[in-house]
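One structure is given here, and the rest of the page talks about it.
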Amino acid sequence: MEGEGSIKRKVGIVGYGHLGQFLYTAITTDPLISKSLEVVFVWNRSADKLSDLPKELVLTSLDDFASKKADIVVEVAHPSIAIEYGVKFVAESDLFIGSPTAFANAEFENAIRSAVASGTHGVYVPSGALWGAQDIQKMAHRGNLKALTVTMRKTPQSLKVLGELDEKLKAIPTDKQEETVIYEGPVRRLCPLAPQNVNTMACAAMAAHNLGFDGVIGRLVADPKVTAHVIDIEVTGPTSGGTTECFSVTTRRYNPAAPGAVTGNETYVSFVSSLVLAHSR
């Protein structure tokens, strides 16, 4: 945490849903966080949600974001906003992307990487609910990461999915108590079908850069009995000790969540903590 006498980072919040509201409240009311961060604008697609905020903080048009001179723009709206404005944000400030499923769009990922390489600003992707992200990244750097599977288990009401996955979800009998796997395969194909649910998988694909969005496997499970968001991460490394057995790590993250909630509270807390650290890298 930066010291009391240090210069505060000016933050622009793009998106004022549950996470955007949590961020705003944390920055403006938490005595520790407010020492290092201050909000200079908030934008939301539906402007009526911003009616209770100070008028000087409300950004009516996102095209005018540069006038607020934010040090870092925090995107927590939707992958489509990240894709449309990401490169523009990076031209003026650092960017903290809360919708990493946007990176499943290879054209967008390449454009952002190019903008960062040729500019002076950075892009940060929070680990969020991805437990062990740095360990996965280190294995990818060494080329030792051979396989990665991320399984997300939520109640059917918490799954906000599109297209064929929505059809699968609606086809599940309301009285069925057993879990149903509605998707299993490469994360790249899953991201546009469940952009609000699988940010953790997108983070995993970014950390596991030697496997990427096409090599990391995602499993999305609808489970009516679960009372939390459960994430199982299975890492496979190289053979070890002169045997045919592979190094492996399996972790489970259990985050209690209200029925129908897309994100659990501990993920919000992790997000804010990552934002505080997002500088000078």
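The values are calculated or read from the model by the stated rules, or taken from the named source; none is laboratory data. Everything numeric here is computed off the predicted structure, so don't read it as measured data. In this analysis, Cβ positions are derived from the backbone assuming ideal geometry, glycine residues included, and neighbour counts consider all displayed protein chains. To get the accessible areas, we keep the full protein, side chains included, count just its heavy atoms, and leave off ligands, DNA and RNA. Shrake-Rupley method; radii C 1.70, N 1.55, O 1.52, S 1.80 Å.
Please state which one of 160, 138, 69, 146 is charged (D, E, K, R) and at pLDDT below 95.
On the way: 138 fails: at pLDDT below 95; 69 fails: at pLDDT below 95; 146 fails: at pLDDT below 95.
After applying the criteria, what remains is 160.
Taking the conditions exactly as written (among the basic types (Lys, Arg), open to solvent by 20 Å² or more (accessible area, probe 1.4 Å) and within 30 Å of residue 245 (Cα to Cα)), does residue 68 satisfy them or not? Break it down into steps so the answer makes sense when it comes.
On the way: among the basic types (Lys, Arg): yes; open to solvent by 20 Å² or more (accessible area, probe 1.4 Å): yes; within 30 Å of residue 245 (Cα to Cα): no.
Here the answer is no, as residue 68 does not meet what is asked.
Count, please, the residues in the stretch 1-17 that happen to be open to solvent by 10 Å² or more (accessible area, probe 1.4 Å) and modelled with pLDDT of 60 or more. Give the steps one after another, and end with the answer.
Taking the stretch 1-17 as the starting set, the residues that turn out to be open to solvent by 10 Å² or more (accessible area, probe 1.4 Å) are 1-10, 16-17.
From the residues that got through so far, the ones that are modelled with pLDDT of 60 or more too are 6-10, 16-17.
Going through the stretch 1-17 one residue at a time, the tally reaches 7.
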Only one of these conditions is not met by residue 70: (1) over 26 Å from residue 161 (Cα atoms); (2) in contact (Cβ under 8 Å) with a residue 60 or more places away in the chain; (3) not in a loop (DSSP other than H, G, I, E, B). Which number is it?
-> (3)
Quick one: is residue 109 of a type in the set (Asp, Glu), open to solvent by 50 Å² or more (accessible area, probe 1.4 Å) and more than 30 Å from residue 245 (Cα to Cα)?
-> no
In this structure, is residue 133 modelled with pLDDT of 95 or more, within 19 Å of the chain's Cα centre (by Cα), open to solvent by less than 30 Å² (accessible area, probe 1.4 Å) and under 25 Å from residue 193 (Cα atoms)?
-> no
How many residues, within the stretch 24-59, are over 23 Å from the mean Cα position of the chain (by Cα) and farther than 29 Å from residue 192 by Cβ?
-> 12
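Restricting attention to the stretch 109-133, which residues are part of a helix (DSSP H, G or I) and either free of Cβ contacts under 8 Å to residues at least 40 places away in the same chain or touching a strand residue (DSSP E or B) at 6+ places or on another chain (Cβ under 7 Å) (or both)? It would help to see each step written out before you state the result.
If we filter the stretch 109-133 for residues that are part of a helix (DSSP H, G or I), which is where we start, we get 109-118, 133.
Correct list: 109, 110, 111, 112, 113, 114, 115, 116, 117, 118.
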